[in-house]
Amino acid sequence: MASVSEEQVLGALKSINGLENNDNIVSLGMISGLVVKDGNVGFAIEIDPKRADAYENVRKAAENAVDAIPGVLSVTAVLTAHKDAQPTQQGGPQQGAPQGRAKQMVPGVQHIVAVASGKGGVGKSTVATNIALALSGAGHSVGILDADIYGPSQPRMMGISGKPQSPDGERLEAMQNHGVKVMSMGFLVPEDTPMIWRGPMVMSALQQLMRDVNWGALDVMIVDMPPGTGDAQLTMAQDVPLAGAVIVSTPQDIALLDARKGLNMFRKVEVPVLGIIENMSYFSCPHCGERTDIFSHGGAHKEADQLGVDFLGEIPLDIAIRETSDGGTPIVVSDPDSPHSKAFRAIADTIWEKLSGGDQETKRAMPNIVMQ
Ligand code: ADP
């Protein structure tokens, strides 16, 4: 099969008019993040977000033009706000709104909380899932957005398989289990398909998972962030209207160094850090009940104090947590009376209190979200 080149894609896109100055979208410099891999093509069209409706036809025409190139297997074009877009505000100017960056709200979603970690494998997804389920158990309507598009865990942890439906052909219905809505790249792409997304395309894919999905009305959306503090995470922290971030860390020093990077990343983009959770805090022996501080327990608490961030709680290393999470029935739903479930619920309650304004300090630090 003929392999598709970037030149071919750009050539096809030159046939599409950009609505401005009667020129095409390539010459107008509107195409970014072009990725071509094995016949799969992705790119973003940078536009003034106020004109998103007008540009929907341009996006579709661009996809069709590229789709017509022999050898193209799939095309995904997304509209993104061009870099110098200024925030547009409804209801007059809002004090303290981040300058020069528009954060688009997700309709129907009240609070978006990122669960992040400085590095992989610290149990970020496990904690995100159990907190989401604890919030749901407390009567809040909750969704989980699995933003780890390279290694999505939520389908497995939430015990959901199958493909999301799109009754109107435009928006996907969120999947659901244990009373919580979930959307993940894992539902859309077979597990053995290599992800071609990188850089700006990661953000665009996430924007789609967030906005082109019917979440219904949510009190809280928990975002299971990709691990680490690279560009994708920074962009996300910056572009998603986050009410706050929770950092998951193990007690080891090295993990804490990474956690500190995560903390600084959110601070840099003025997202309030709601607190740190120490996961795999200590080992509780399932046979004798003895407690062993396997990763020098307590490091995250000390670190949180030093950094002036709240310590939200600690979760032990326990095989029951691993088995239930990896088996699709996280401990908060499968064994709600266990001490671990109680610990997750206490953390979830603290988070909710901070979100709903019980915690004045966090409330003051909340970013103003601008509508566009
Ligand atoms: P991350 O999202 O940080 O990469 P995961 O949540 O996927 O990490 O967890 C990695 C592995 O560790 C999973 O198999 C998970 O079940 C297990 N795990 C996470 N937290 C705990 C815990 N407190 N006790 C036992 N196993 C855990």
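The values are calculated or read from the model by the stated rules, or taken from the named source; none is laboratory data. These numbers come from a predicted model, not from an experiment. With ideal geometry, Cβ positions are generated from the backbone for all residues, glycine too; neighbour counts draw on all protein chains shown. For the accessible areas, the whole protein counts, side chains as well, though only heavy atoms, and no ligand, DNA or RNA atoms are used. Shrake-Rupley method; radii C 1.70, N 1.55, O 1.52, S 1.80 Å.
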Problem - Filter result (outside any loop (DSSP other than H, G, I, E, B) and open to solvent by 70 Å² or more (accessible area, probe 1.4 Å)) within segment 18-51 - result: LYS37, LYS50, ARG51
Problem - Top-ranked residue in segment 260-307 [being more than 16 Å from the ligand (Cβ to nearest atom) and polar (S, T, N, Q); ranked as modelled with the lowest pLDDT] - result: GLN306
Problem - Residues located in segment 162-183, provided they are more than 24 Å from PRO336 (Cβ to Cβ) and out of contact with any Leu (no Cβ under 6 Å at 6 or more places or on another chain) - result: GLY162, LYS163, GLN165, PRO167, ASP168, GLY169, GLU170, ARG171, LEU172, GLU173
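Tell me, please, whether a residue that is touching a helix residue (DSSP H, G or I) at 6+ places or on another chain (Cβ under 7 Å) and modelled with pLDDT of 85 or more can be found in segment 186-194. Show your work before the answer.
First pass over segment 186-194, keeping only residues touching a helix residue (DSSP H, G or I) at 6+ places or on another chain (Cβ under 7 Å): 186-187.
Now drop any that are not modelled with pLDDT of 85 or more, which leaves 186-187.
Looking through segment 186-194, at least one residue is touching a helix residue (DSSP H, G or I) at 6+ places or on another chain (Cβ under 7 Å) and modelled with pLDDT of 85 or more.
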Problem - Within segment 312-342, considering residues that are under 15 Å from TYR282 (Cβ atoms) and in a strand (DSSP E or B), the one farthest from the ligand (Cβ to nearest atom) - result: GLY313
Handout entry: Among (1) closer than 16 Å to ILE25 by Cα; (2) at pLDDT 75 or above - the single one ALA81 does not satisfy
Key = (2)
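Restricting the search to segment 304-342, which residues are among the acidic types (Asp, Glu) and more than 23 Å from GLY159 (Cα to Cα)? Give the derivation first.
Pass one, segment 304-342, residues among the acidic types (Asp, Glu): 305, 310, 314, 318, 323, 326, 335, 337.
Scanning segment 304-342 gives ASP305, ASP310, GLU314.
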Exercise for the section: Could you grab me the full set of residues in segment 255-282 that are open to solvent by 10 Å² or more (accessible area, probe 1.4 Å) and among the β-branched types (Val, Ile, Thr)? Expected result: VAL269, VAL273
Handout entry: Residues being open to solvent by less than 50 Å² (accessible area, probe 1.4 Å) and either of a type outside the set (Val, Ile, Thr) or in contact with a Cys (Cβ under 9 Å, 6 or more places away or on another chain) (or both) - total across segment 1-17
Key = 4
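Out of the residues in segment 212-259 that are among the polar types (S, T, N, Q) and not in a strand (DSSP E or B), which is farthest from the ligand (Cβ to nearest atom)? It would help to see each step written out before you state the result.
Step one: filter segment 212-259 for residues among the polar types (S, T, N, Q), giving 214, 229, 233, 235, 238, 249-250, 252.
Going one step further and asking which of them are not in a strand (DSSP E or B), we end up with 229, 233, 235, 238, 250, 252.
Values: THR229: 13, GLN233: 13, THR235: 19, GLN238: 21, THR250: 9, GLN252: 13 Å.
Out of the qualifying residues, it is GLN238.
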